[in-house]
Amino acid sequence: MKTYDKLIFELSRPGRKGYSLPEDNYNTNGFDSIPKDLLRKDEASLPEVGELEVVRHYTNLSNKNFGVDTGFYPLGSCTMKYNPKINEELSSLPSFTTLHPLQDESTVQGALELYWNLQNMLSNLAGLAEFTLNPYAGAHGELTGLMVMRQYHISRGDHKRKKVIVPDTAHGTNPASAMVAGLEVVEVKSKPNGSIDVEDLKPLLDDTVAGIMMTNPNTVGMFETEILEIADLVHRAGGLLYYDGANLNPLLGKVRPGDMGFDIMHINLHKTFSTPHGGGGPGSGPVGVASHLVNFLPNPKVVKNEDGTFSITNGEESLGNISTFMGNFGVMMKAYAYILTLGKENIKKVGPLATLNANYIKESLKDDYLLPIEGVCKHEFVFDGLKDKSTGVTTLNIAKRLLDYGFHAPTIYFPLLFHESMMIEPTETESKETLDDFIEVMHKVAKEAKENPDDVKNAPLTTIVRKLDETTAAKNPILSYKALKEAVK
Amino acid sequence: MSKILDDLRYADSHEWVKLEGDIATIGITDYAQHALGNIVYVDMPEVGDEVTQGEDFGAVESVKAASDLISPVSGEVVEINEALEDEPELVNQDAFANWIMKVKVSDPSEIESLLDAAAYAKICEE
């Protein structure tokens, strides 16, 4: 069934059903109560299929999925660590899943306590005063954090501070979030080793600077050793420091963004705190701030009363609501379970093991692959394609060839610092055996590139869908079943 | 190896310029098209737009990345290469023949600040 490639619409036969209901004797035609102009004119074209067909269809499709439960997933900057099943078990407890967000707070004390506890745990891990768990995802957290930054300057009557400094290696969401928050983006250059160029930063620091967005370790996986100097320079210029939590994993429980001088940060619970993502589930992007910014955090908030009960409140200086209720609660439960099951001591092992795994792969492969930045990396690193450039085999070819060997491809062509970027992040949850298998395959692909370059250039050779024509896909995308049918005609 | 033509001037952001009278023809270099990979879209300015030396006037999108186009001269856009609207891949086939825009330059001396072929070749090697 590996070759199964049907759409459910193709299984449809007129009149086929997966149910049989008794005759309706109660005259309950729900359509009568809906205004006529709101009713659709044609019947919805839903597939007509039996239950067994539906089950087989989706089971076969699910077998084609590649996820961290089926194989190694070294997707750089995405932290595809294993998501322990106990997280799922706890987050599916009916006493939580059946809650309604409009229930009276006296009936949801447990949920509020969880929100409060998780928020405090994150504050401790980040070295910041308070967190909101409301943002739905990483980029939503960035937007929320930048709105806090903007609100802070406006509250002091400092309306000219609109400039957000973003490194040229930053994740694309950073400048995008700044624009959406109504701020202006200014790029700061990186040095050849990927670190921020302090000399290039200095002239940008005038009285129009709202703040700077950084990750540490940076996008190429190296620790920004000049962070304290950068923090001091930005603060003295009146700006704030924003920490993109995308790369928090190697520092977890060891180094705190707040201690490095950051004022605002978001955390991707779905990366660092082991909740499914990448098509596997919704994200969550809590935002933490230093004490002078607490009042600007979005509404609603959870507070602990003197009698030990919990309430939902709205702050007056808050920037307002950024979500319908209070975020993706299921994701928070999984992250909470993860922190509690690891415990205070084990959480400190996450970063060192993630760092060890990344360095082990890097050092094992640097004879075959071009390592543009030497030195000890953190949780991830970047190769600039094959060392031997004479074969004509590109990073894209290698990524596709890895699929033939049962591995998910690394992140490719990001960061833009190098032409043939290949970004590898193994995470702490992989065993040495898995890392060795991956290393062996990467050596094998490098050898193939020399001996049978065509095999690599035409890869993947064993997947259901072979090498895609990316140019045509980008120029003439077919995005619906209807468009596909027309294209086939 | 990338092709570099001797009679053109170059920006370090990988655009080329050919100045004839006060009309500058501008495109991206062979090195740039090679680094970008298969180009799927060229975002061009409109005729009549003002462009400024060192500022972006459009973008090139490839299967790998989107990259800003930086104008090597200042002036008014007098013509764009409409063929690229349907066939952006022409830039991959010959980056020097398939120019992107023509600009009536406001200050011809700006061209002196650009690199000659030898200096540009050096940048590409680095």
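Laboratory data are not the source of any read-out in this text; all were calculated from the coordinates shown. Since this is a predicted model, take the numbers as computed values, not measurements. Here Cβ is always computed from backbone atoms with ideal geometry, including for glycine, and neighbour counts include all displayed protein chains.
Which of the residue pairs A:Lys85/A:Lys254; A:Lys400/A:Lys432; A:Lys389/B:Lys64 have a Cα-Cα distance greater than 22 Å in the structure shown?
A:Lys85/A:Lys254; A:Lys400/A:Lys432
By what distance, in whole Å, do the Cα atoms of the protein assembly as shown stretch along each of the three principal axes, largest value first?
Here the Cα extents, ordered largest to smallest, are 84, 66, 60 Å.
Could you work out the Rg to Rh ratio of region A:349-474, with Rh taken as the Kirkwood radius (inverse of the mean 1/r over all Cα pairs)?
Details: Rg = 14.4 Å, Rh = 15.0 Å.
Looking at region A:349-474, the ratio lands at 0.97.
Beta carbons within 10 angstrom, averaged per residue: use that to sort the peptides B:117-123, A:17-23, A:302-308, A:259-265, highest first.
Numbers: B:117-123: 14.1, A:17-23: 7.0, A:302-308: 10.7, A:259-265: 23.3.
In decreasing order of mean packing, B:117-123, A:17-23, A:302-308, A:259-265 become A:259-265, B:117-123, A:302-308, A:17-23.
With θ taken as phi - 60° and the coefficients 6.51, -1.76 and 1.60, list the Karplus ³J(HN,Hα) couplings across region B:51-59 in order, rounded to whole Hz; mark glycine and proline as x.
For region B:51-59, the Karplus-derived couplings read 10, 10, 4, x, 10, 6, 10, x, 8 Hz, x marking Gly and Pro.
With r as the distance between the Cβ atoms of A:Glu317 and A:Arg236 and R0 = 30 Å, compute the FRET efficiency 1/(1 + (r/R0)^6) and round to 0.05.
Details: r = 25 Å, r/R0 = 0.84.
Efficiency at R0 = 30 Å is approximately 0.75.
Restricting the calculation to Cα positions, tell me the Rg (one decimal) and the Dmax (whole number) of region B:9-107 in Å.
12.1, 37
Taking +1 at the Cβ of each Lys and Arg and -1 at the Cβ of each Asp and Glu, which of A:Asn295, A:Val350, A:Leu365 sits farthest along the dipole of region A:278-388 towards its positive end, judged by Cα position relative to the Cα centre?
Positive-most Cα among the choices belongs to A:Val350.
Counting Lys +1, Arg +1, Asp -1, Glu -1, what net charge surrounds A:Glu226 among other residues with beta carbon under 13 Å of its beta carbon?
Numbers: positive: A:Lys191, A:Lys202; negative: A:Asp197, A:Glu199, A:Asp200, A:Glu224, A:Glu229, A:Asp232.
Taking every Cβ under 13 Å from that of A:Glu226, the sum is -4.
Quick one: putting +1 on the C-beta of Lys and Arg, -1 on the C-beta of Asp and Glu, what dipole do you get for region B:1-40 around its Cα centre, in Debye to the nearest 20? Before the final figure, lay out the partial values.
Working: 3 positive and 7 negative charges, 30 e Å.
Here the size comes out at about 140 debye.
Semi-axes, largest first, in whole Å: what does sqrt of 5 times each Cα gyration tensor eigenvalue give for region A:86-341? Display every interim value, and only then the final one.
Working: eigenvalues 202, 83, 44 Å².
Those come to 32, 20, 15 Å.
Measure off 7 Å from each Cα along the Cα-to-Cβ vector at A:Asp436 and A:Leu468, then give the distance between these two points in nanometres to one decimal.
3.5 nm
Please quote Rg/Rh for region A:243-348 to two decimal places, taking the Kirkwood radius as Rh and restricting both calculations to Cα atoms. Don't jump to the answer; show the numbers that get you there.
Numbers: Rg = 14.9 Å, Rh = 15.4 Å.
Using Cα coordinates only, the ratio equals 0.97.
Please give me the summed charge of the neighbours of A:Tyr58: other residues whose Cβ is under 12 Å from its Cβ, Lys and Arg +1, Asp and Glu -1.
On the way: positive: A:Lys6, A:Arg56, A:Lys64; negative: A:Glu51, A:Glu53.
Once all neighbours under 12 Å are counted, the net charge is +1.
Measuring from centroid to centroid over Cα atoms, what is the spacing of region A:7-79 and region A:307-374 in Å?
Taking the Cα centre of region A:307-374 as reference, the centre of region A:7-79 is 34 Å away.
Let me understand region A:121-266 better: what is its radius of gyration from the alpha carbons, and its Dmax, in angstrom?
Considering region A:121-266 through its Cα atoms, Rg and Dmax are 14.0, 39 Å.
Which residue, A:Ala237, A:Asn268, A:Ser323, has the largest displacement toward the positive end of the dipole of region A:225-323 when charges sit on each Cβ (Lys, Arg +1; Asp, Glu -1)?
Towards the positive end, the residue furthest out is A:Asn268.
Averaging sequence separations of C-alpha pairs under 8 Å and six or more residues apart, then dividing by the length of region A:86-341, give the relative contact order as a whole percent. Each step should come with its number before you reach the end.
On the way: 492 pairs, mean separation 71.3, N = 256.
About 28 percent, as a whole number.
Which net charge results for the neighbourhood of A:Val289, defined as the other residues with beta-carbon distances under 15 angstrom from its beta-carbon, given Lys and Arg at +1 and Asp and Glu at -1? It would help to have the intermediate numbers written out before the result.
Numbers: positive: A:Arg150, A:Arg256, A:Lys301; negative: A:Glu130, A:Glu142, A:Asp244, A:Asp259, A:Asp263, A:Glu317.
Residues close to A:Val289 contribute a combined charge of -3.
Cα centroids of region B:69-107 and region A:113-134: how far apart, whole angstrom?
53 Å
First obtain the Kirkwood hydrodynamic radius of region A:102-181 from its Cα pairs, then insert it into the Stokes-Einstein equation at 37 °C and 0.692 mPa s, and state the resulting D in µm² per second as a whole number. Don't jump to the answer; show the numbers that get you there.
Numbers: Rh = 15.0 Å.
In µm²/s, the coefficient rounds to 219.
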